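Step one of this worksheet: look at the structure below.
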Amino acid sequence: MFHVKRFLGSRLILRSIQLSVARGRVGHAYIICGGKGFGKKTLATHFAGAILCNSPVDGLACGACKACKTCESGNNPDLVFVQSEKVALSVGEVRDKLLADLAVSPDGGERRVYVIQNADKMNPQAQNAMLLSLEDGPKHAVFLLLAEGLGGFLPTILSRCVEYKIPPLGEDIVAGYLIEQGVAPDKAKIASKFSQGGIGRALALLGDEDFAKRWEFVLDLVQSIISKDIVEIFAAAKELEQYKDHIEDVLDIMQMFYRDALIEFLDPDALHKIHAISNTRERLRANCNFLMCMEVLLLKLGGKYEEKI
């Protein structure tokens, strides 16, 4: 059965899905958009289950028919997940994995659902190849495009899709859900604070044994940075090299700390530190030297860095 409670904060999307299935007005293509861990794939799977269900109940999958049981077990031949071993499908993969499959007729009903992951990260050539299927694909095909944002799509793709945007959840909602699942309140609070509104992201963090260590290390660092001298700051920057592969997490924790300081204590210096963290993020993405970036950042956070005019 379609588990409505799994999609906290997405009731309008659920209602739209229910109505489209119940009234027999399922569209040809949809974009399901939301951040990491927001439940895009889960929502797409349940939407596909409702579409493929032999006897939907009020627009929801019945959970008892053969189609529902095979969807639940991941063995429904009419539910096709199209993904690349790389970040996103190339134009060749669109042709080989998607367009070539469109000639296959549904196995057990009238529909065949294609779930395309990281659709917004496809290059223009791949999107144009997919556009052929959106324009001239068979009537039995339904396309569910999963994306973190809409900015990467060509206008021609957007114009042919119904858009569903999954909103981020509040920290209290995420924490409450985690506690209901048996997570200790202190761990639930940390995971929800860092989840950016996604229950899936919070669950992934709880499954990462090293995350709690990163959290404690970074919080201790930013709380004590103002009292460190330059030698200690350089040593701390060196220590951060152990988290080089998780530097986005480290910077996110720092940013949340100063964001809270800005909101709760109206600390004007916190805004400058947030900007310093954002600038460091951009420099790292531009492949600047890691250790040098960390040294400059920590000097700024510790009030030991003077901008040259």
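The values are calculated or read from the model by the stated rules, or taken from the named source; none is laboratory data. Not measured: the values here are computed from a predicted model. Neighbour counts are summed over all protein chains in view; Cβ atoms, including those assigned to glycine, are modelled from backbone coordinates with ideal geometry. For accessibility, only protein heavy atoms count, side chains too; no ligands or nucleic acids. Shrake-Rupley method; radii C 1.70, N 1.55, O 1.52, S 1.80 Å.
Some notes on this structure:
- Residue list for segment 287-303, filter: under 13 Å from K228 (Cα atoms) and either outside any helix (DSSP H, G or I) or open to solvent by less than 10 Å² (accessible area, probe 1.4 Å) (or both): L298, L301, G302, G303
- Residue match in segment 51-72 (condition: among the aliphatic types (A, V, I, L, M), within 27 Å of L205 (Cβ to Cβ) and at pLDDT 90 or above): no
- Number of the exception - A261 against (1) loosely packed, with under 14 Cβ neighbours inside 10 Å; (2) over 23 Å from the mean Cα position of the chain (by Cα): (1)
- Any hit, segment 51-66, residues being under 23 Å from the mean Cα position of the chain (by Cα) and among the acidic types (D, E): no
- Test for A236: is it under 20 Å from K304 (Cβ atoms), touching a residue at least 40 places away in the same chain (Cβ under 8 Å) and small (G, A, S): yes
- Among the candidates L89, L12, L98, residue that is open to solvent by less than 70 Å² (accessible area, probe 1.4 Å) and assigned to a helix (DSSP H, G or I): L98
- Boolean, E135 is farther than 22 Å from I51 by Cβ, part of a helix (DSSP H, G or I) and touching a residue at least 12 places away in the same chain (Cβ under 8 Å): no
- Candidates V222, V250, V231, V218, filtered to the one that is open to solvent by 30 Å² or more (accessible area, probe 1.4 Å) and within 17 Å of L301 (Cα to Cα): V231
- Residues that are within 21 Å of G34 (Cα to Cα) and either more than 24 Å from the chain's Cα centre (by Cα) or loosely packed, with under 15 Cβ neighbours inside 10 Å (or both) within segment 138-153 comprise G149, L150, G151, listed in sequence order.
- For P168: the one exception among (1) open to solvent by 30 Å² or more (accessible area, probe 1.4 Å); (2) modelled with pLDDT of 95 or more: (2)
- Residue count for segment 21-57 satisfying the condition of being closer than 16 Å to K165 by Cβ and either in contact with a Gly (Cβ under 8 Å, 6 or more places away or on another chain) or among the hydroxyl-bearing types (S, T, Y) (or both): 10.
- Cβ pairs under 7 Å, 6+ apart, first in segment 254-282 and of a type in the set (S, T, N, Q), second part of a helix (DSSP H, G or I): Q255/I274; Q255/I277; T280/L251; T280/C293; T280/L297
- Within segment 39-63, the set of residues being of a type outside the set (V, I, T), open to solvent by 60 Å² or more (accessible area, probe 1.4 Å) and not in a loop (DSSP other than H, G, I, E, B) comprises K41 only.
- Single residue of segment 18-38 satisfying the filter (in contact (Cβ under 8 Å) with a residue 24 or more places away in the chain and under 14 Å from R111 (Cβ atoms)) that is surrounded by the fewest Cβ atoms within 10 Å (Cβ to Cβ): G27
- Checking the stated criteria, E135 turns out not to satisfy the condition of being surrounded by fewer than 16 Cβ atoms within 10 Å (Cβ to Cβ) and touching a Cys at 6+ places or on another chain (Cβ under 8 Å).
- Segment 112-127, residues that are crowded, with 18+ Cβ neighbours inside 10 Å and in contact with a helix residue (DSSP H, G or I) (Cβ under 6 Å, 6 or more places away or on another chain): V113, V115, A126, Q127
- Lone unmet requirement of (1) among the hydrophobic types (A, V, I, L, M, F, W, C); (2) more than 20 Å from I190 (Cβ to Cβ); (3) modelled with pLDDT of 90 or more for L266: (3)
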